[in-house]
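Notes to accompany the following structure.
The values are calculated or read from the model by the stated rules, or taken from the named source; none is laboratory data. Since the model is a prediction, treat every value here as computed from it, not as a measurement. Cβ atoms come from the backbone with ideal geometry, glycine included; neighbour counts cover every protein chain shown. For the accessible areas, the whole protein counts, side chains as well, though only heavy atoms, and no ligand, DNA or RNA atoms are used. Shrake-Rupley method; radii C 1.70, N 1.55, O 1.52, S 1.80 Å.
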Amino acid sequence: MSEGIFIGLGAPEKDGGVPQILNLRRANRHGLITGATGTGKTVTLQGIAESFSARGVPVFLADVKGDLSGIAMAGSPAAKNADKLVARAQEIGIENYSYADNPAIFWDLYGEQGHPIRTTVSEMGPLLLSRLMGLNETQEGVLSIAFKYADEEGLLLLDLGDLQAMLAYCAENADTLSARYGNVTKASVGAIQRQLLQLESQGGDHFFGEPALDIHDFLKVDDQGRGYVNILAADKLMQSPRLYATFLLWLLSELFETLPEAGDPDKPVLVFFFDEAHLLFDDAPKALTDKIEQVVRLIRSKGVGVYFVTQNPIDIPQEVAGQLGNRIQHALRAFTPRDQRAIKAAAETFRINPDLDVATAITELKVGEALVSLLQEDGSPGIVQRTLIAPPRSRLGPVDAKERAIIQSISPCADKYDAAVDRESAEEILAARGEAAAAAAQAAKAQAESEKAAAAQARVEAKQRAAELKEQARRDAAAAREAAKPSAFDKAVQSATRSAASSVGRQVANEIGRAVFGGSSRRSSSSGGLAGRLVRGILGGLFR
């Protein structure tokens, strides 16, 4: 038993039974735990998880119903059904059965029942985000363009606010981006933004941000060498099944991208238990199912084992189910045609046991019983055995609020993730750019308005100057005309001069006339008088 995990005792009616051992060197070949409600799946999961922890293997498990948190506390003989667990332990030959706790770290996407788990929008990537928001192919293409542009421009996409700001930028610059990357329409951007609002209302804003989860915090061991059991509080998360499924797929992808190659280690680096695993595949597009299959197939080489827990084995696609080597099948009920198909499918996946009618046994299994087929040392599947499952040593049931608070206070991740950090990212950078552009536009507008006002003022001043010059010219011309007019004295002198000149002229003319024509006879006087008047007139005109 030291080389593996004791799952239970198979075929106890023959030769004392066959111990069913999960080989640690084959534990990273994944597994499947199925069964109808109430058949003991959760108890089986809890027992295997605590056994991994005891052997130094860290565990991650999703606590969908809220009762797996009890793995952090030791069981009690006063607990409900404790006598049945003790009786089962004795029946399968566990001589040193005792109660024990396990080192645990509580996690919660909402930060209410454990440390918050966050990742950035960039780390999630457009493919998983598209799945998370249910985008069509066209919208997914637009989202990919937004991521591409943000990456090229060095714009960090950390939270949903950053993505909203990036999408708003894409809508405003759709023509430019379309010419560079392909068609970007405002209608597609608007559809993505509406889906983001729905995601935020479902609590997605709690998941995106910083500090982002360091995957290595899932790989811790305590001072006794026991692996920590990382318990995700998923009871509230289950109300948003798409977020739950996308988160789990992201977690697997991060592990695959972060962890180094390990080949086939002596024991797993980490073991995952995904409860309600059908949520990973419900309504999932082919591309996403292919992604899950790829991650499950390749993550084995990283030393990580993935165990799916679901009610019906046909919930798991065949491509993924083919990668699950270790199988534990609890009872199924043949109430419907689908149930009958599931029973037949489950029976056909096991290695045949000639002494066991698997299809019939699946419907007859008691609580705590299962059909078990585990990988052997050489990697081949073991013959299926009807097995009584070993009981867990930790508490069957949830911890209370006080116990949870105490466990949180001694957590190795205490204070590392509890406070959110909001550093400068795309939202702040784009807002600053927008403010700078608006300020520049405002400054340009103010400059243009100032120049326009200055030009108008210049025109007014030029018009006023022209009017002033015109008025000055008019005044100068009037002054010149006024200056050119003779004064009263000058007029008097001129009048006197003209009068004097006229008088002198007449006198001169008379004298000339008399001199020229002379005589005093009437004839002479008559001739001389006419000529004299003529001469006087000419001379008088000359002297005016």
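Among the numbered criteria (1) farther than 24 Å from residue 410 by Cβ; (2) exposed (fewer than 15 other Cβ atoms within 10 Å of the Cβ), which one does residue 224 miss?
The number of the failed condition is (1).
Name the pairs: first residue in segment 294-307 and within 11 Å of residue 269 (Cβ to Cβ) and assigned to a helix (DSSP H, G or I), second residue open to solvent by 10 Å² or more (accessible area, probe 1.4 Å) and at pLDDT 95 or above, Cβ to Cβ under 9 Å, at least 6 apart or on different chains?
Note: pairs meeting the criteria are 302/269.
To keep it simple, each residue is scored yes or no on (1) modelled with pLDDT of 90 or more; (2) farther than 23 Å from residue 44 by Cα; (3) open to solvent by 60 Å² or more (accessible area, probe 1.4 Å); (4) charged (D, E, K, R).
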residue	(1), (2), (3), (4)
244	no, no, no, no
248	no, no, no, no
269	yes, no, no, no
282	no, yes, yes, yes
285	no, yes, yes, no
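Given the options 463, 470, 485, 445, name the one that is open to solvent by 60 Å² or more (accessible area, probe 1.4 Å) and within 30 Å of residue 170 (Cα to Cα).
445
How many residues does segment 402-434 contain that are touching a residue at least 12 places away in the same chain (Cβ under 8 Å) and assigned to a helix (DSSP H, G or I)?
9
Taking segment 146-181 as the region of interest, how many residues are farther than 19 Å from residue 196 by Cα and either β-branched (Val, Ile, Thr) or open to solvent by 30 Å² or more (accessible area, probe 1.4 Å) (or both)?
11
Residues in segment 339-356: is at least one touching a Ser or Thr at 6+ places or on another chain (Cβ under 8 Å), in a strand (DSSP E or B) and more than 22 Å from residue 290 (Cβ to Cβ)?
Yes: one or more hits.
Determine which single condition residue 341 fails, assuming it passes every other condition in (1) open to solvent by 50 Å² or more (accessible area, probe 1.4 Å); (2) of a type outside the set (Phe, Trp, Tyr); (3) more than 29 Å from residue 368 (Cβ to Cβ); (4) touching a helix residue (DSSP H, G or I) at 6+ places or on another chain (Cβ under 8 Å).
Unmet condition: (3).
Every residue, every condition in (1) closer than 20 Å to residue 250 by Cβ; (2) in contact with a Gly (Cβ under 9 Å, 6 or more places away or on another chain); (3) β-branched (Val, Ile, Thr), yes or no:
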site: 282; (1), (2), (3): yes, no, no
site: 303; (1), (2), (3): yes, yes, no
site: 306; (1), (2), (3): yes, yes, yes
site: 341; (1), (2), (3): no, no, no
site: 363; (1), (2), (3): no, no, yes
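What residue, of 299, 328, 362, 292, is of a type in the set (Val, Ile, Thr) and at pLDDT below 90?
Of 299, 328, 362, 292, the one residue that is of a type in the set (Val, Ile, Thr) and at pLDDT below 90 is 292.
Taking segment 121-145 as the search range and keeping residues that are among the hydroxyl-bearing types (Ser, Thr, Tyr) and surrounded by fewer than 20 Cβ atoms within 10 Å (Cβ to Cβ), which one is nearest to residue 161 (Cα to Cα)?
144
Considering segment 174-198 alone, what residues qualify as being assigned to a helix (DSSP H, G or I) and either closer than 18 Å to residue 240 by Cα or touching a residue at least 40 places away in the same chain (Cβ under 8 Å) (or both)?
188, 189, 191, 192, 194, 195, 196, 197, 198
So how many residues does segment 199-218 have that are surrounded by 14 or more Cβ atoms within 10 Å (Cβ to Cβ) and part of a helix (DSSP H, G or I)?
Going through segment 199-218 one residue at a time, the tally reaches 9.
Residue 323 passes all but one of (1) touching a helix residue (DSSP H, G or I) at 6+ places or on another chain (Cβ under 9 Å); (2) within 23 Å of residue 8 (Cβ to Cβ); (3) polar (S, T, N, Q); (4) not in a helix (DSSP H, G or I); which number fails?
The failed condition is (2).
Here are 377, 348: which of them is among the acidic types (Asp, Glu), closer than 24 Å to residue 50 by Cα and either crowded, with 22+ Cβ neighbours inside 10 Å or at pLDDT below 95 (or both)?
Answer to the selection: 377.
Could we say that residue 382 is more than 44 Å from the chain's Cα centre (by Cα) and either open to solvent by less than 30 Å² (accessible area, probe 1.4 Å) or over 30 Å from residue 249 (Cβ atoms) (or both) here?
yes
Under the condition of being open to solvent by less than 60 Å² (accessible area, probe 1.4 Å) and part of a loop (DSSP other than H, G, I, E, B), which residue from segment 385-394 is nearest to residue 64 (Cα to Cα)?
Step by step, filter segment 385-394, then rank; the result is 392.
Got a number for residues in segment 351-374 being in contact (Cβ under 8 Å) with a residue 24 or more places away in the chain, farther than 23 Å from residue 318 by Cα and open to solvent by 20 Å² or more (accessible area, probe 1.4 Å)?
Counting residues in segment 351-374 that are in contact (Cβ under 8 Å) with a residue 24 or more places away in the chain, farther than 23 Å from residue 318 by Cα and open to solvent by 20 Å² or more (accessible area, probe 1.4 Å) gives 6.
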